[in-house]
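Report on the structure given below.
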Amino acid sequence: MWITNLHYNVRIRILQEIWDWKKSDGYVKIKERARSIFYIREVTMKKTVIFILVLALVIGGLSVLSYYSEKVYYNEDDTVGNTAGNLYNGGLYCEIGDTIYFANPADDGEFYSMSSDCTNVRKLSTDKVASLNADGHYVYYSRRNYAKEDTNVSIFHFQNTGIYRYKRKNGDLAMLFDGANAVSCLYGNTIYYQHYDTKTAIQLHKVDIDKKNAGMVNTDGMVPASVYNGILYYAGDEKDHYIHALNLATGSNSVIVYNNSRMPIAMNSGIYYIAMNDNYSIYRVGYDGSEPEKLVDEFCFTYNITPDERYLFYQIDGGDDNRIVRLDLTTGVAQTIMDGNFKQIHVTSQYVFFTDYDDSHTYAYRRADGTVNIFEPPVLE
């Protein structure tokens, strides 16, 4: 070191001055300033690292949130969104698990839910709904937001607000189709619906639950209510009123019943339908069109069947003895539920709902004991 080459006294003096300077305020201030600079740099670096980590977590969290909010949950291929009988009667009630989604008749048909025993009523939306379908994650419906007092509207006039997918978990809403439509049903991961416009009138269209693969299925304005094992059973509208079987996968079409018919419902034991050429009686026929069996020899306006095929509910019209009736398909015993003119028969696990023809009241028939009461759910905000 250079200091070792100096004279001893000089070295002592230099070292003494260095020592005195290190004890001086100037040195202390420089040392403290240096420490402060290094500390600030260290703190700044730590803050920068923390900020970057927090930012990464926020971005990652938002990405995950966006993924799950936009993620579509798919169904098994044979999933059915509602019973055919309910859809023919408007699709105003749809039961899945222990929950019934319904168009509240006391609140102008707005979207509600309740438990299967008609308790725990909740308002889900101010949308007026029909053609309700449900799966494990969503409820699908046709929005019908129109003025209640406008009694001259057609079924398509007020449906230009489309078909919607409602997430059961959090109420998120997605529009699947924004045009005029009538009856719709969920099968698998596809909504089949009656599409309407002024040029083509009514046609069968479809759209997947993830909004993809939208388009026309058939030019016939069929009612897509009854799908069984991938086959849509329908009464012809464009060329005839026969019962057809349309394979939704291949598009092949065949005739099952060569008689004027309406409201075919395909179930395990066969196809139920109203025979227009036989005074609107109710029949059941095999899937090959064989062995037609008359079940109800009355003029029937509408009907519905329990999923286990134990009971058939139907409205007798056309005379002085109009009434709604329950037929036990096991014993053949028919029992009048209520006299009068009714429509919109909907079946759930515990109740059968039906409405006066003039919409004055809706009734709930309790299946366990046969009691009938006016159905008056609360009107909620």
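The values are calculated or read from the model by the stated rules, or taken from the named source; none is laboratory data. It should be emphasised that the depicted structure is a prediction, and the values quoted were computed from it without experimental measurement. All Cβ positions, glycine included, derive from the backbone under ideal geometry; neighbour counts span all protein chains shown.
Descriptive notes on the structure:
- Residues of the range 281-321 satisfying the condition of being more than 21 Å from residue 229 (Cβ to Cβ), touching a residue at least 40 places away in the same chain (Cβ under 8 Å) and polar (S, T, N, Q): 302
- Residue within the range 335-350 that is among the hydrophobic types (A, V, I, L, M, F, W, C), more than 22 Å from residue 100 (Cα to Cα) and assigned to a strand (DSSP E or B) present: yes
- Each residue in the range 176-194 was checked for being farther than 13 Å from residue 141 by Cβ and part of a strand (DSSP E or B), and 4 of them qualify.
- Among the residues of the range 87-95, at least one is part of a strand (DSSP E or B), touching a Ser or Thr at 6+ places or on another chain (Cβ under 7 Å) and either at pLDDT 95 or above or not small (Gly, Ala, Ser) (or both).
- Members of the range 348-361 found to be touching a Leu at 6+ places or on another chain (Cβ under 9 Å) and of a type outside the set (Phe, Trp, Tyr), listed by number: 355
- Residue 320 fulfils the conditions (1) at pLDDT 95 or above; (2) at negative phi except for a single criterion, (1).
- Flag for residue 231 being touching a Gly at 6+ places or on another chain (Cβ under 9 Å), surrounded by 14 or more Cβ atoms within 10 Å (Cβ to Cβ) and aliphatic (A, V, I, L, M): no
- If the condition is being more than 21 Å from the chain's Cα centre (by Cα) and over 27 Å from residue 272 (Cβ atoms), then the range 197-215 contributes 197, 198, 199, 200, 201.
- Within the range 188-203, tally of residues that are touching a Ser or Thr at 6+ places or on another chain (Cβ under 8 Å) and crowded, with 22+ Cβ neighbours inside 10 Å: 4
- Members of the range 107-131 that are touching a Ser or Thr at 6+ places or on another chain (Cβ under 8 Å) and in contact (Cβ under 8 Å) with a residue 60 or more places away in the chain: 114, 116, 121, 122, 131
- Options 331, 306; residue that is β-branched (Val, Ile, Thr) and under 28 Å from the mean Cα position of the chain (by Cα): 306
- Residue match in the range 322-334 (condition: without any contact (Cβ under 8 Å) to a residue 60 or more places away in the chain, assigned by TED's automatic domain parsing to the domain that holds residue 225, among the acidic types (Asp, Glu) and not in a strand (DSSP E or B)): no
- Residue among 261, 252 that alone is touching a Gly at 6+ places or on another chain (Cβ under 9 Å) and not aliphatic (A, V, I, L, M): 261
- Taking the numbered list (1) among the β-branched types (Val, Ile, Thr); (2) touching a helix residue (DSSP H, G or I) at 6+ places or on another chain (Cβ under 8 Å); (3) not in a strand (DSSP E or B) in turn, residue 302 passes all entries but (3).
- Of all residues in the range 335-350 being in contact with a Gly (Cβ under 9 Å, 6 or more places away or on another chain) and in contact (Cβ under 8 Å) with a residue 60 or more places away in the chain, the one that is surrounded by the fewest Cβ atoms within 10 Å (Cβ to Cβ): 343
- Selection status of residue 311, touching a Pro at 6+ places or on another chain (Cβ under 7 Å), in the same structural domain as residue 232 (by TED's automatic domain parsing) and either among the β-branched types (Val, Ile, Thr) or crowded, with 17+ Cβ neighbours inside 10 Å (or both): no
- Screening the range 241-297 for residues that are buried (at least 16 other Cβ atoms within 10 Å of the Cβ), among the polar types (S, T, N, Q) and not in a loop (DSSP other than H, G, I, E, B) and picking the one that is farthest from the chain's Cα centre (by Cα) gives 281.
- Qualifying positions in the range 351-381 - part of a strand (DSSP E or B), surrounded by 13 or more Cβ atoms within 10 Å (Cβ to Cβ) and in contact with a Lys or Arg (Cβ under 9 Å, 6 or more places away or on another chain): 351, 352, 354, 355, 356, 365, 372
- Members of the range 228-240 that are in contact with an Asp or Glu (Cβ under 9 Å, 6 or more places away or on another chain) and part of a strand (DSSP E or B): 234
- Failed condition for residue 152, given (1) at pLDDT 95 or above; (2) more than 20 Å from residue 184 (Cα to Cα): (1)
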